[in-house]
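Following: one structure in structure tokens, then a few remarks.
The values are calculated or read from the model by the stated rules, or taken from the named source; none is laboratory data. Everything quoted here is computed from the prediction, not taken from an experiment. Heads up, the Cβs are rebuilt from the backbone with ideal geometry, glycines too, and the neighbour counts pull from every protein chain shown. The accessibility values were calculated without ligands, DNA or RNA, using every heavy atom of the protein model including side chains. Shrake-Rupley method; radii C 1.70, N 1.55, O 1.52, S 1.80 Å.
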Amino acid sequence: MAEHESLEFGKADFVLLDTVSTPEFMANLKLRFEKGRIYTYIGEVVVSVNPYRSMNIYGRDTIEQYKDRELYERPPHLFAIADAAYKAMKRRNKDNCIVISGESGAGKTEASKYIMQYIAAITNPGQRAEVERVKNMLLKSNCVLEAFGNAKTNRNDNSSRFGKYMDINFDFKGDPIGGHISNYLLEKSRVIVQQSGERSFHSFYQLVLGGPEQLLRSLHIQKDPAAYNYIKVGRQVKSSINDAADFKAVADAMKVIGFAPEEIQTVYKILATILHLGNMKFASDGDVTLIENGKLVSVLGELLSTKQENVEKALLYRTVSTGRDVIDKQHTEQEASYGRDALAKAIYERLFCWIVGRINDIIEVKNYDAKVHGKNTVIGVLDIYGFEIFQNNSFEQFCINYCNEKLQQLFIQLVLRQEQEEYQREGIPWKHIDYFNNQIIVDLVEQQHKGIFAILDEACMNVGKVTDEMFLQALNSKLAKHAHYSSRKLCPTDKSLEFDRDFRIRHYAGNVVYSVVSFIDKNKDTLFQDFKRLLYNSSNPVLKAMWPEGKLSITEVTKRPLTAATLFKNSMISLVENLSSKEPYYVRCIKPNDMKSPLLFEDERCRHQVEYLGLLENVRVRRAGFAYRQTYERFLQRYKMISQFTWPNHDLPTDREAVMRLVQGCGFEQDVAYGKTKVFIRTPRTLFTLEEQRAQMVQRIVIFLQKVWRGTIARLQYRRMRAALTIIRFYRRYKVKSYIREVARRFHNVLGMKDKGKHVKWPTPPKVLRKFEEALQGIYNRWRASHLIRTLPPEDLPQVRAKVAALETLKGHRADLGLQRAWEGNYLKRDKPEAVSSFTLVSSELQRKDKFMSVLFSCHVRKINRFNKAEDRAILITDRHLYKMDPLKQYKPMKSIPLYNVTGVSVSPGKDQLVAFHTKDSRDLIACLQGMVPPSESRVGELVGVLASHFKSEKRKLQVSTVSPIQCSMHGKKCTIVVETKINQSQPDFTKSRSGYILSVPGN
């Protein structure tokens, strides 16, 4: 049963109608259509009304709602029937089929596409690439087949002009692994002529209106359908079709499926050939038939990859074998036109069959061994032309309506047989239902020696000229007494029938008048052997492969080919046998109006369809005694909460007894019967009452379950948190211990190592010990340093401390700190040996005077004086003062700066030797070290290091900055020193600038 929808939408299942009558059926159907509910059940049959508008009920969210749900659990939908078929195939490992029927324009093609879309969406959860490829090709095949097999008719913008049955093969896991498409009776006469208001096949308009300019030029095609006789009528028809966009979609789909570029090009050439054939005209010059527009012959020769003279000969002559002689018989103008049209129809039909065969070659199941891979199961989807009644009904409509008669007969047989077998199997008495059995009409068409097909074949085999009128006379004589056949000769007063032209068949769907015009020609389906040889001898291998019979010699005797009627009858018998071997699911499509309006529901139009589809009989059969049946297990699963004897689980011997106790408790025992495995409910009212009671109980159960579940979840979360914290605590302890043990193991003999463990790699610590690791490494580094320092001579310790201080303050800021060389400190003795005595005398005098203990650093510099001029000087830094000296006056002391007045030092990050000494009284000393030997030696690092080390020993802080430009204070004024590199500069020098000073240093 469908989900219990609100009554404002009507009954979701026609079986649940209070009374089964045509007015109530139609009222429910109309109400659901007007409320936007286009699907309704009849048991397991879906009745679909074409909405003539886009509906947002086919998206991913909707697919998830129907996936793995029972048919009765959700509102009626195509997805529900598709899911039911898929689940039945997987559960019972049995082949299924979905039969979609209804008249033209009722929405059969769209229904089949949605079913395919659903099956593709719910399969292959593992996203296997091969399965995805197969699914994609199966979906894309619809696009290609619609382009070449569908056309706009007066009833439908996308009418299927062929029958299609697709088998989808699944592996044992339920994933699609391949498929096979069967096609039936392409309406090839549409290639050369269409009724008013209709178009030829979509493929022609897609090529002409959507093909690229370069392609159309190569095919000699104009971008105007009106230029071609075969399709110019369809160009005037208004429709919502976008042919240009569809051309690209079809081309892309063919590439995805696997058509080779040369195959796609051949398809376009064949379409162009047919368009050019339609423009070919013939004329008579006495007894000679000529082609008026001869240029087209060369175009056809180019497109068909054959010689121009061979094309012309095939169009104008027919090769006839008379015993041993072979002669060329020239066509009359009428015969040439007939041959041209026959060729166009045959080429298109052969192209269509080749496309279907090519798709089958690609999507067929390959390398599948049932012993290895498990049983291969199938879901078949039948989308075949619906019942048709046109203004002019010809041979194609006769075949189409015969096909619908066969499918209706199959529907009646299967529905009745399944219902009867179920009642007999369950031991429930069967009540016979009257219904219209259309077997009499099927026999009228297909019966051996007596049916219309047999009479038509007999007429075609007669020697001499046989006309359509002679065929009609044969029908009148042999079927005169048949209740479902009539003609003007048999009913002289019926003026709706034309003498010697029309006959009427009383189909299950209504009376249809057929015109016998062209019945003989269409049944013979004659195509001169000359055309077959012409196409077989093409140098195009794709085209050549389409016409294998062209290799026969003209003198070779062959069997008479089967007629079109016989071929179609055989294919229908085979199709019905195939469907009968599968478990069927039905979609019955209804067309609400002829205006394609989403708002109009024509009662009489729909009532006629309901009657001829046998939907009312279907409801009566389904309700024959019992409107609803279900296995005891599933019935209990759905309704056990209603009774205290069955909730939450029963303790009775069997499910049958539990169901009986539940039904008795509700007081429905008079409305229920018990089968061997199923319970049967007679009226829908009982089921609705059960559903209402279930809904009330479910609400209470849900609240109870929510309470219990929330408490359970809270307790589980608490236990998990406690367990997690315990695990985390022990795990951290374990990781910490492991880390400490590993550190101890790696550094076990570190004292005996030559490098005191410098080469030992530290283990990766757990996250919680990262800061601990940093501290531990610091302790280790200090320990190692202390051991290394102990090995140094005492006289080297001041230099080491100075280098450490330089490294701490300048590492990462200046590239060359001079750490690799020995630091001498007092460089004035080394840089100018000739002035050593003068400097020594002055320094001794200063030591005696100022009582300093040691010289920290000395060097020649270029400095800025108080007059903002640059001058050469020397600096001498002791442990108490910074002295400025004049090297030109035998290092005469100029002025000194007490070290306690120095607050910091600034250096630049480059290779220059700029140093700025910052003082408390804002009288900074700006100097650039120079006169180094060798000249490339950098002493800035040493100067900073010895000063920083000295200040540290006196427990004073020296602020060291590495910046560019350097900010200073000269005589209380702020200034900036910028370093610039000059190519031709020989020595560093200062120049005044607007903001301060520029130090120019050599660039080489």
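So, R0 is 35 Å and r is the distance between the beta-carbons of Glu8 and Lys90; what FRET efficiency does that work out to, to 0.05?
Working: r = 36 Å, r/R0 = 1.03.
After rounding to 0.05, the efficiency reads 0.45.
So if I place +1 on the C-beta of Lys and Arg and -1 on the C-beta of Asp and Glu, and nothing else carries charge, what would the dipole magnitude of the chain be about its Cα centre? I want it in debye, nearest 20. Present the calculation step by step, with values, prior to reporting the outcome.
Numbers: 153 positive and 113 negative charges, 1692 e Å.
Value, rounded to 20: 8120 debye.
Across segment 179-195, in residue order, what do the Karplus-derived ³J(HN,Hα) couplings come to in whole Hz, using 6.51 cos²θ - 1.76 cosθ + 1.60 with θ = phi - 60° and x for Gly and Pro?
x, 8, 10, 10, 10, 10, 6, 5, 7, 6, 5, 5, 4, 9, 8, 10, 6
Considering only DSSP beta bridges whose two residues both sit in the chain, what percent are antiparallel, to the nearest 5? List each step's numbers first, then the result.
Working: 89 of 118 bridges.
Antiparallel: roughly 75 percent of the beta bridges in the chain.
Using a 1.4 angstrom probe and counting only protein chains, how large is the accessible area of Trp783 in Å², to 10?
Here the residue's solvent-accessible area equals roughly 80 Å².
Please go through the residue pairs Lys108/Lys345; Lys735/Lys761; Lys108/Lys152 and name each one whose alpha carbons sit more than 23 Å apart in this structure.
On the way: Lys108/Lys345 26 Å; Lys735/Lys761 18 Å; Lys108/Lys152 15 Å.
Beyond 23 Å: Lys108/Lys345.
Ignoring ligands and nucleic acids, what accessible area does Ser486 show with a 1.4 Å probe (Å², nearest 10)?
For Ser486, the solvent-accessible surface is approximately 20 Å².
With the other protein chains left in place, how much accessible area per residue, in square angstrom, belongs to segment 763-850 at a 1.4 angstrom probe?
Normalised by residue count, the accessible surface of segment 763-850 is 66 Å².
Positive end of the dipole of the chain, charges at C-beta (+1 Lys, Arg; -1 Asp, Glu), about the Cα centre: which of Pro75, Val445, Ala336 has its Cα farthest in that direction?
So the residue we want is Pro75.
Along the charge dipole of segment 663-814, Cβ charges K/R +1 and D/E -1, which of Gly667, Ala802, Val702 sits furthest on the positive end?
Going by the charge dipole, the pick is Ala802.
Go through Ser838, Ser858, Val902 and say which Cα lies farthest out towards the positive end of the charge dipole of segment 831-924; charges sit on Cβ, +1 for Lys and Arg, -1 for Asp and Glu.
Val902
Between Thr526 and Asp18, what is 0.36 nm times their sequence separation minus the Cα-Cα distance? Round to one decimal in nm.
Additional length available on full extension: 177.2 nm.
Enter the accessible area per residue of segment 59-210 (Å², integer; probe 1.4 Å; all protein chains in place).
On the way: 4590 Å² over 152 residues.
Per-residue accessible area for segment 59-210 comes out at 30 Å².
Need the full-extension length gain, Glu130 to Ala785, defined as separation in residues times 0.36 nm minus the C-alpha distance. One decimal, nm. Please report the intermediate quantities before stating the final value.
Working: separation 655, 0.36 × 655 = 235.80 nm, distance 6.60 nm.
My answer for the length gained is 229.2 nm.
I'd like the Karplus ³J(HN,Hα) series for segment 7-14: coefficients 6.51, -1.76, 1.60, θ = phi - 60°, whole numbers in Hz, and an x wherever there's a Gly or Pro.
Per-residue couplings from phi come out as 5, 5, 9, x, 8, 6, 9, 4 Hz.
Given a cut-off of under 8 Å on Cα pairs at least six residues apart, what relative contact order in percent is computed for the chain? Walk me through the numbers before you get to the answer.
Numbers: 1549 pairs, mean separation 100.3, N = 1004.
About 10 percent, as a whole number.
Please sort by residue number the GluC sites (Glu not before Pro) in segment 742-833 whose DSSP state is loop and whose Cβ has at most 16 other Cβ atoms within 10 Å.
Values: sites: Glu742, Glu773, Glu774, Glu795, Glu808, Glu824; in loops: Glu824.
Answer by residue number: Glu824.
Hey, with R₀ at 56 Å, roughly what FRET efficiency would Lys35 and Lys767 work out to, going by the Cβ-Cβ distance, to 0.05?
0.35
Starting from the 7 Å offset along Cα-to-Cβ, what nm value, one decimal, do you get for the label separation of Gln413 and Asn593?
Spacing of the two 7 Å Cα→Cβ label points: 3.9 nm.
How high is the relative contact order of segment 260-418, in percent, with contacts defined as C-alpha pairs under 8 Å that are six or more residues apart?
Computed over segment 260-418, the figure is 17 percent.
How far apart, in nm, are two points set 7 Å out from the Cα along the Cα-to-Cβ line at Trp647 and at Arg729?
4.5
Could you pull out every one of the aspartates and glutamates with an alpha carbon less than 17 Å from that of Lys551, ignoring same-chain neighbours closer than 8 positions?
Within the straight-line limit of under 17 Å, Lys551 reaches these aspartates and glutamates: Asp530.
Pull out the extension gain between Gln439 and Leu819, defined as 0.36 nm times the separation in residues minus the alpha carbon to alpha carbon distance; nm, one decimal.
Taking 0.36 nm per residue and subtracting the Cα distance, the gain is 125.7 nm.
In a shell of Cβ-Cβ distance under 10 Å around Gln206, excluding Gln206 itself, what net charge do Lys and Arg (+1) and Asp and Glu (-1) give?
-1
At a 1.4 Å probe, what is the % contribution of carbon and sulfur to the accessible area of the chain?
On the way: 25520 of 49480 Å².
Carbon with sulfur: 52 percent of the solvent-accessible area.
Rounded to the nearest 0.05, what FRET efficiency do Asp921 and Glu808 have when you use their Cβ-Cβ distance and R0 = 25 Å? Walk me through the numbers before you get to the answer.
Numbers: r = 28 Å, r/R0 = 1.11.
Working from the Cβ atoms, E equals 0.35.
With label points built 7 Å along Cα→Cβ from the Cα atoms of Asp287 and Val326, find their separation and express it in nm.
The answer from the label model is 2.4 nm.
Compute the separation of the alpha-carbon centres of segment 927-981 and segment 794-871 and state it in Å as a whole number.
12
Listed highest first by mean packing, meaning other Cβ atoms within 10 Å per residue, what order do 940-951, 140-151 come in? Don't jump to the answer; show the numbers that get you there.
Working: 940-951: 24.6, 140-151: 22.2.
Output ranking for 940-951, 140-151: 940-951, 140-151.
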